[in-house]
Amino acid sequence: MSMIYAVAERFMRYVQIDTQSDASSSTFPSTEKQKNLSRLLVQELQEMGIQDAELDEYGYVYATIPSNVDTPVPTICFCAHVDTSPDVSGENVKPLLHQNYQGQAITLPDDPSIVLTTEAYPALGGKHGEDIITASGKTLLGADDKAGVAIIMDLAYQLMQNPTLPHGNIRILFTPDEEIGRGVDKVNMEKLGADFGYTLDGGRLGSLEDETFSADGVTLTIHGVSAHPGYAKGKMENALRIAGSILAALPSDHLTPETTEGKEGFIHPVEISGVAERAQISFIIRDFVTEKLSQHESTLKDIVEGVMIAYPGSWYALEIEEQYRNMKTILDQHPEVVQYAAEAIEEAGLVLHKGSIRGGTDGSRLSFMGLPCPNIFAGEQAIHSKYEWVSVQDMERAVKVLIKLSEKWAESSNPSEE
């Protein structure tokens, strides 16, 4: 009979706590309910004997697994986020454990139209004999990123229970609001006090990601000419129509999320609002090569100006805001951070899959805040959907990787002592 591992038991408890973040909120964290899980994590860490575990006013959990080696080694941080995506409901999640999976289609009972198949999710086909956790069909599961949370919590438990496993000081950081791009806005880097870090927020077993998009947000405001619609001939320049013409003029066969992959970047309109006199379009601009962001922004500007020629009484404004940058720029300066993680994955008996993220993580920004921080797999699959699933064994393997990674850092010498 297949057993429910400790990490799975933790995970199934955590996903039942609604922690959905809200991009429309102006508070931090964006939803107070995220702290419900964070308070539980602090309590459990303290019960393990980690006395300094704390929850701050912004919803961050900080804790230390104290070193059990005599030599000074760098302090590493393991990080995961407690919030779930606003895209799908995270309320009343009912986690279901499908033991000893044999490749069959999994129909979710609360909505039989939600069926997981190996055709739709090829990774599921490699999980014969493993234990799969899904939601019940009405909600997302929350494996993104409560799998990462559960993995770090189980690591803390194992290290505190087994003093024979060598490790230096390990800092734990659980963040709110990652899903809405605010995950590290209020993190106290001085309090964190770590030299290097790792986010646990990846999917594929054995994956290690040391590269992300660089990202800008662009807001285009169009100021049209308003007039009474009954007497508008020759006078009105409708800002909504101008916005529509700009969207229609964007490339459709390249530079879009729908037509790009690998290292290709894009210009992506994400929101439009307005009235006849004034309209606004929000874009996200993405590329792995930071310098190309300005090229994409120039392309957008040229399109806007080309459309505006037909509207001489109207004008526009473009505002560009930096969102995050490709963490590889920083990680390449500290190759041991990625090297140790790669070795730990392979020494755990797994195939290493080193790759890039067509997106960003908390680690993207943490890397530029002084904490070089690649991303390690947590097993989460089909994220931001009702089809979300995770393998119990993948989470257990991630714990094993973190134990080996902690040992590797313990064996290293402190660069400041060399």
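The values are calculated or read from the model by the stated rules, or taken from the named source; none is laboratory data. Computed from a predicted structure; not experimentally measured. Note: ideal-geometry Cβ built from the backbone for every residue, glycine included; neighbour counts use all protein chains shown. Surface accessibility is based on the protein's heavy atoms, side chains included, excluding ligands, DNA and RNA. Shrake-Rupley method; radii C 1.70, N 1.55, O 1.52, S 1.80 Å.
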Restricted to the stretch 7-20 and to residues being open to solvent by less than 20 Å² (accessible area, probe 1.4 Å) and in a loop (DSSP other than H, G, I, E, B), the residue nearest to LYS94 (Cα to Cα) is VAL15
Within the stretch 156-177, does at least one residue satisfy the condition of being assigned to a helix (DSSP H, G or I) and under 21 Å from GLU32 (Cα atoms)? no
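For (1) surrounded by fewer than 18 Cβ atoms within 10 Å (Cβ to Cβ); (2) touching a Gly at 6+ places or on another chain (Cβ under 6 Å); (3) not aromatic (Phe, Trp, Tyr), each residue gets a yes or a no:
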| position | (1), (2), (3) |
| --- | --- |
| TYR60 | no, no, no |
| ASP70 | yes, no, yes |
| VAL82 | no, no, yes |
| LEU97 | yes, no, yes |
Residues that are outside any loop (DSSP other than H, G, I, E, B) and farther than 23 Å from TRP315 by Cβ, drawn from the stretch 271-296: ILE284, ARG286, ASP287, GLU291, LYS292, LEU293, GLN295
Residue under evaluation ARG182, criteria (1) closer than 30 Å to ASN68 by Cβ; (2) assigned to a loop (DSSP other than H, G, I, E, B); (3) out of contact with any helix residue (DSSP H, G or I) (no Cβ under 8 Å at 6 or more places or on another chain); (4) touching a residue at least 60 places away in the same chain (Cβ under 8 Å), criterion not met: (1)
Selection status of SER385, out of contact with any Ser or Thr (no Cβ under 6 Å at 6 or more places or on another chain), within 30 Å of ILE106 (Cα to Cα) and in contact (Cβ under 8 Å) with a residue 12 or more places away in the chain: yes
Within the stretch 21-59, residues being in contact (Cβ under 8 Å) with a residue 12 or more places away in the chain, assigned to a loop (DSSP other than H, G, I, E, B) and of a type in the set (Ser, Thr, Tyr) number 4
Is there any pair with a first residue in the stretch 96-118 that is free of Cβ contacts under 8 Å to residues at least 40 places away in the same chain and a second that is assigned to a loop (DSSP other than H, G, I, E, B) and among the aliphatic types (A, V, I, L, M) whose Cβ atoms are under 7 Å apart and which are 6 or more apart or on different chains, and what are they? VAL115/ALA105; THR117/ALA105
Within the stretch 255-269, identify whether any single residue is open to solvent by 90 Å² or more (accessible area, probe 1.4 Å), part of a helix (DSSP H, G or I) and free of Cβ contacts under 8 Å to residues at least 40 places away in the same chain, and answer yes or no. yes
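For the subset of the stretch 126-166 comprising residues that are of a type in the set (Lys, Arg) and buried (at least 19 other Cβ atoms within 10 Å of the Cβ), which member is farthest from THR107 (Cα to Cα)?
So, considering only residues that are of a type in the set (Lys, Arg) and buried (at least 19 other Cβ atoms within 10 Å of the Cβ), the one farthest from THR107 (Cα to Cα) is LYS146.
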Among the residues of the stretch 14-40, count how many are in contact with a Leu (Cβ under 8 Å, 6 or more places away or on another chain) and of a type outside the set (Ser, Thr, Tyr). 4
Scan the stretch 235-251 residue by residue and report those that are open to solvent by 60 Å² or more (accessible area, probe 1.4 Å) and either at pLDDT below 95 or of a type in the set (D, E, K, R) (or both). LYS235, ARG241
Please verify whether GLY183 is open to solvent by less than 30 Å² (accessible area, probe 1.4 Å), at pLDDT below 95, within 19 Å of the chain's Cα centre (by Cα) and more than 22 Å from LEU352 (Cα to Cα), treating the condition exactly as stated. yes
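Okay, residues lined up against (1) among the hydrophobic types (A, V, I, L, M, F, W, C); (2) under 23 Å from PHE377 (Cβ atoms):
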site	(1), (2)
ALA150	yes, yes
TYR157	no, yes
GLN161	no, no
ARG171	no, yes
ASP177	no, yes
Counting only helices (runs of 4 or more DSSP H) entirely within the stretch 315-403, those with at least 3 residues that are open to solvent by less than 50 Å² (accessible area, probe 1.4 Å), at pLDDT 95 or above and under 19 Å from CYS79 (Cα atoms) are 335-347
Taking interchain pairs and intrachain pairs at least six residues apart, which have beta carbon atoms under 6 angstrom, with the first residue in the stretch 131-154 and in contact (Cβ under 8 Å) with a residue 12 or more places away in the chain and the second open to solvent by 10 Å² or more (accessible area, probe 1.4 Å) and part of a helix (DSSP H, G or I)? ALA150/ARG10; MET153/ARG10; ASP154/ALA6
